[in-house]
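> Here it is, the structure in full.
The values are calculated or read from the model by the stated rules, or taken from the named source; none is laboratory data. Fair warning: this is a prediction, and the values are worked out from it, not measured in the lab. Neighbour counts run over all protein chains shown; Cβ positions are idealised from the backbone, glycine included. Heavy atoms of the whole protein, side chains included, go into the accessibility calculation; ligands, DNA and RNA do not. Shrake-Rupley method; radii C 1.70, N 1.55, O 1.52, S 1.80 Å.
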Amino acid sequence: MLFLGAHHQSFMEEGRTLPAVQRAYLYIVALVAIHMIVLAVANLLRVGAEIAMNAPSGGFTGLPFVFNDFNRPSNLYREQASLAIALLVVGGPAWWFSFRAADRAARREVGARASAIRSAYIHLVIFVTALLVFGYGQRTLGLILQGTFIGALPGLFLEPEWPARAAGAGAMVLSAAGALAYHVRLSTADRRAVVIRGRAAEIRHLALYGLTIVGLFFAAFSTGFTLQGLWDRVIADTLVPLARPDFGPPGFAAPTRDDQLRIQLVNQIPPILAGIALWLGTWLPLQRGLRGSAADAEIERGSVVRKLAIYLIVGLSAVVVLVSATLGVAAIVRRLLGDPFQEQFTSLVHDLGAPISLLIIFAPLWLFHRRVVEAEAARETELGRAAAIRRTYTYVVAAFGLAMAAIGAAGTIGVFGSQLMGMNTHPNAEAATYLALVLVGLPAWGFHWWQAQRRLDEAERRAPQRRGYLYLAVLGGAIGLLVFGSAALYRLLNAALATDFPLSTWHDIWHFAVDAAVAGSVFAFHLRVIRGDRVVTAAAPAAEAGASVFSYVVRVPAPNASAARARLAAALPDAQVTPADAASGEGDGGPSIVAIAGTLVGVLLLLFFVASFALGPLLSSQQPAPGPARVVLPAGKVMWVFNAESSPLATRETSGGAQLDTKGGGLVFTFNGEGRANVSFGPDLAPPYMAVAFVSISPDADGTLIWRVRSVGDKSVAIRINASTEYVDLVYEDVMAGTTELLGNPVSVRGSKQGRPIEVAVLVRGPSYTLYVDGAAMLETAEERLDATASAQSMSASGTGGVLALFEVRIHDVP
């Protein structure tokens with residue numbers, strides 16, 4: 001470290017320009033060191049907060065895999081604090097000496113402040129620390145809101161020691177916010193001192209517009225989901241009240257609909273606020289650049305990254321709007337075709353909640369950013385690359401709309417013909433989807449095709465985006481025509497050779513013929529457009545040959561950069577002298593391989609930090625993605641209920657470090673070492689029947705629970721719950737052979753260790769088995785090796801630690 005400081009100090013004392021290699025080295029060291037400092041400060045604050053709150057130690061923030069033994073809390077405090085101090089002691093001086101040396105050199109040579117390497121360092125730090133504040137800020141606010149407003153709700157299981165976990169996340173927010181504020185100030189000072197252009201400006205735009213997109217879509221989707229919750233509770237439930245299935249073990253008080261709305265609002269507030277703050281915090285400064293100095297405004301308006309970001313927002317918003325509109329129109333058309341307005345667990349009003357909520361958010365978003373594009377185009381002529389981005393957006397949305405319209409038209413006409421033939425096997429939901437695709441996709445394609453035709457000129461006709469769209473449409477139409485035409489001809493010839501033309505054959509020929517006709521129409525229309533473009537292009541007079549422009553790299557010996565540019569301008573008065581980027585080492589022979597490799601190493605290190613402690617808490621703090629919709633289990637009346645107090649166990653045995661207790665009417669398997677517990681509690685049953693169990697897993701559980709729902713001798717079909725990996729699967733066991741065979745794919749039950757009871761059920765119908773988790777059908781399979789009809793219920797658990805609790809088992813008959 002002393003050598004590093006002395007080495008950097010020597011460069012500062014010499015007062016000379018740093019070469020490109022030296023500059024790249026200093027900024028890469030500073031890049032790694034500043035993240036070490038952020039990590040160290042955050043964990044020191046976290047450990048201090050946990051000690052003050054007398055809370056168990058959490059994971060090392062940013063590097064949770066470093067400490068994975070949570071059985072020694074006092075040692076964990078010491079070890080984690082020691083690592084944080086070590087990071088700070090090493091990273092602090094490394095950042096101070098390396099960045100001070102690079103910063104002083106940049107302040108001596110104004111051009112170096114506009115270098116791409118300096119811009120990469122500053123804006124990579126801004127990008128990562130902004131994501132840290134964004135992710136950990138959501139986690140902090142979410143834990144505080146949950147603990148304050150919904151912690152007492154029945155059935156809600158908060159993260160243990162949530163105040164300490166919130167303090168730990170808040171520590172990362174404070175640490176990252178300090179680094180973020182400092183580097184934002186550096187970026188602002190550099191832009192005031194010198195005009196940032198070229199690669200340096202592109203790097204800045206990539207970082208800031210990337211943050212803009214992340215914040216905008218986080219806020220937009222979260223707001224849409226919140227509006228859907230409000231719609232379902234305030235409007236849908238008021239207009240069309242629905243009965244809802246009651247899931248849960250005995251004594252489990254599920255949250256009411258109002259409580260569920262409160263939970264949803266509290267969980268969505270953090271991402272909404274964080275997304276809006278990130279979006280406005282980056283978008284507004286970028287917009288102010290358009291009203292700044294003439295040079296800055298020119299750079300901002302001419303930025304390809306800016307136009308790419310805006311068109312990306314417009315394109316994604318357009319896709320969400322089209323899909324939402326299709327779903328909404330399909331729900332309405334389905335009812336118009338005869339489906340009931342209100343069903344057991346849904347209605348038209350409820351089905352319209354998600355499409356309308358997303359349309360309310362994304363339609364204005366789409367229109368607003370289109371106006372931004374139009375306003376910029378009115379102020380200046382678009383650059384060639386920017387025009388290419390505009391064409392890409394236009395033709396991509398046109399292609400998306402064309403595909404929707406073609407599929408919808410073929411399906412709608414086909415269903416209409418099936419109805420006329422009296423063989424309409426298509427449900428109303430399918431027919432409604434086809435018609436909705438036409439009603440939404442056709443206007444989307446027509447509008448964007450009209451936009452493209454309105455701008456049609458020589459450049460537009462020659463644009464690769466237009467040609468790509470046209471040839472893709474022609475190719476798709478040709479393939480559809482060949483495939484569906486061949487299928488129709490096959491059915492026709494097959495029937496002719498058999499001299500048998502039943503109605504089902506004509507029905508198939510009708511569908512294939514309609515599909516082929518629609519594909520042929522797409523093919524013919526776009527082929528005609530291609531031929532028209534060729535005719536116009538061939539008839540256009542050849543453009544006059546203008547002066548060609550050539551680019552050279554010229555090395556001019558001179559005492560400084562200004563003198564070199566003056567000599568070159570005097571020698572070539574008609575040439576456009578573009579100075580090399582300062583990061584390339586002006587006067588140093590351009591960028592070296594070492595500088596480029598060093599930059600790549602810095603980027604790889606940055607990606608490691610982002611993956612390890614930026615995206616981790618951001619994803620873990622979000623609520624689990626909603627699973628399949630709950631359905632009514634196909635069970636009739638209850639035939640038998642297991643209760644540990646009223647239903648005696650046929651067998652009960654334990655071995656090793658396992659205990660088996662009856663508490664609160666249920667079974668509790670406790671492990672404090674390698675052990676196993678076995679019980680048999682069920683009567684002999686004959687399929688079909690439905691077996692339902694409610695199981696809870698403690699956070700520290702490490703074991704497996706096997707529930708044999710059907711047994712014949714030593715062979716059985718069982719539900720296996722893995723507490724360590726949090727997966728449920730269906731298996732076939734053969735005890736004599738010592739084999740266990742997986743039936744289907746495992747089903748994830750992430751979050752079960754937070755105390756949420758798992759409702760696991762299986763429907764047994766002879767050789768077929770359907771696995772349900774929390775009321776949703778997850779797996780259906782068949783097993784022919786159990787040929788007897790009798791079946792006894794039994795359960796075994798094995799593990800090394802933690803608790804597996806069985807609340808109740810119910811056996812239902814199946815209607």
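> For the range 282-366, run through the chymotrypsin sites (Phe, Trp or Tyr not before Pro) and keep only the ones in DSSP coil with at most 13 other Cβ atoms within 10 Å of their Cβ.
Phe341
> Using only the Cα atoms of the range 663-713, what do you get for the radius of gyration and for Dmax, in Å?
When restricted to Cα atoms, the range 663-713 yields Rg and Dmax of 13.5, 39 Å.
> Using a 1.4 Å probe, how large is the accessible area of Lys715, given in Å² and rounded to the nearest 10?
80 Å²
> Take the range 75-155, compute every pairwise Cα distance, and split them into 10 Å bins from 0; I just need the percent in each bin.
Answer for the range 75-155: a P(r) of 14, 22, 29, 20, 11, 4, 1 percent.
> Name the long-range amide H neighbours of Glu674: under 5 Å, sequence gap of 5 or more, or other chain; modelled H, no Pro or chain starts.
Gly657
> In nm, give the distance between the simple-model label positions of Glu298 and Glu784, each being 7 Å from the Cα along the Cα-to-Cβ direction.
Output for this residue pair reads 7.9 nm.
> Give, in nm to one decimal, the length gained when the segment between Arg462 and Gln287 is fully stretched (0.36 nm per residue of separation minus the Cα-Cα distance).
59.7 nm
> Cα-Cα pairs above 14 Å in the range 385-434: how many percent?
62 percent
> Note down the nm distance, to one decimal, between modelled labels 7 Å out along Cα→Cβ at Thr537 and at Asp813.
Between Thr537 and Asp813, the simple spin-label model gives 7.5 nm.
> Run the numbers for Ala650 and Tyr727: contour at 0.36 nm per residue of separation, minus the present Cα-Cα distance, in nm.
My answer for the length gained is 24.9 nm.
> Let me ask something else. Calculate the FRET efficiency for Ala558 and Val21 from the Cβ-Cβ distance with a Förster distance of 30 Å, rounded to the nearest 0.05.
0.90
> Just to confirm my numbers, what's the Cα centroid distance between the range 264-320 and the range 428-483 in Å?
Distance between centres, Cα-based: 29 Å.
> So, in nm, how far is label Thr238 from label His426 when the simple model puts each one 7 Å beyond its Cα toward the Cβ?
My value for the distance between the label points is 3.8 nm.
> Kindly state, to the nearest 0.05, the FRET efficiency for Asp702 paired with Gln659, given R0 = 22 Å and r defined as their beta-carbon distance.
After rounding to 0.05, the efficiency reads 0.90.
> Efficiency by 1/(1 + (r/R0)^6): what FRET value for Leu568 and Ile360, r their Cβ-Cβ distance, R0 = 56 Å, to the nearest 0.05?
Efficiency at R0 = 56 Å is approximately 0.45.
> Which values, in whole Å and largest first, are the semi-axes of the equivalent ellipsoid of the range 97-236 obtained as the square root of 5 times each eigenvalue of the Cα gyration tensor?
41, 20, 8
> Could you tell me which trypsin sites (Lys or Arg not before Pro) in the range 720-790 are loop residues by DSSP with no more than 15 other beta carbons within 10 angstrom of their beta carbon?
Passing both the DSSP loop test and the Cβ count: Arg750, Arg785.
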